[in-house]
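One structure below.
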Amino acid sequence: MPPTVTTIPLKSLEQVALSQVVYTPDAFNFIQRGLAYTADQIHGPFDGQNRNRHVTGRQLCLGLREYAWRQWGTLAPVVLRGWGVRSTLDFGRIVFALIEAGVFTREPHDNLEDFRNVYDINDAFSHAA
């Protein structure tokens, strides 16, 4: 799931977010920014070349944890819950909604189950990432 899009998405990030009733648009924006952050942490800063910057569901969840910690510290679970995110599987549901809309891409082996139970959101921010 590269942080940049090489094809024209079927829907914009905002359109996808607004079509969902469970998660707020802020949750979708967080996932997009967190994916870029995670890909940079794993692959180095994006240099403008179209190279594979794929991250796994587990890697993304761990990257989102670190990104959220840097943004909000111990308040991260409160912020995420306010957006409808209660588990790492919710991260996956948002990612797959964005994949379906053509905003993100995926590898053939990527699966929603990759996001299940990576960590407990309520406990994951009780100390530094």
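Return the distance in nm (one decimal) between the two label points of a simple spin-label model at residue 42 and residue 122, each offset 7 Å from Cα along Cα→Cβ.
2.9 nm
Step through the residues of segment 84-99 one at a time and calculate ³J(HN,Hα) from phi using the Karplus curve (6.51 cos²θ - 1.76 cosθ + 1.60, θ = phi - 60°), rounding each to whole Hz and writing x for Gly and Pro.
Using θ = phi - 60°, the values come out as x, 8, 10, 8, 5, 5, 4, 4, x, 4, 5, 4, 6, 5, 6, 5 Hz.
Does anything in segment 94-114 have its amide N under 17 Å from the 7 Å Cα→Cβ label point of residue 14, and if so which residues?
Backbone N within reach: 103.
Once you put a point 7 Å from the Cα of residue 112 and another 7 Å from the Cα of residue 99, both along the Cβ direction, what distance in nm separates them?
Distance between the two pseudo-spin positions: 1.0 nm.
Which net charge results when you count Lys and Arg as +1 and Asp and Glu as -1 among the other residues whose beta-carbon is under 14 Å from that of residue 73?
Value of the local net charge: +1.
Grab the other residues whose beta carbon is less than 15 angstrom from that of residue 111, score K and R as +1, D and E as -1, and report the net.
Net local charge, residue 111 excluded: -1.
How do 88, 74 line up, fewest other C-beta atoms within 10 Å first?
Fewest to most other Cβ atoms nearby, the residues stand as 74, 88.
Counting other C-beta atoms within 10 Å, which of 103, 79 has the fewest, and how do the rest follow?
So the ranking, lowest neighbour count to highest, is 79, 103.
Coordinate-derived values only; no laboratory data. Since this is a predicted model, take the numbers as computed values, not measurements. Ideal geometry is used to build each Cβ from the backbone, glycine not excepted, and the neighbour counts take in all protein chains shown.
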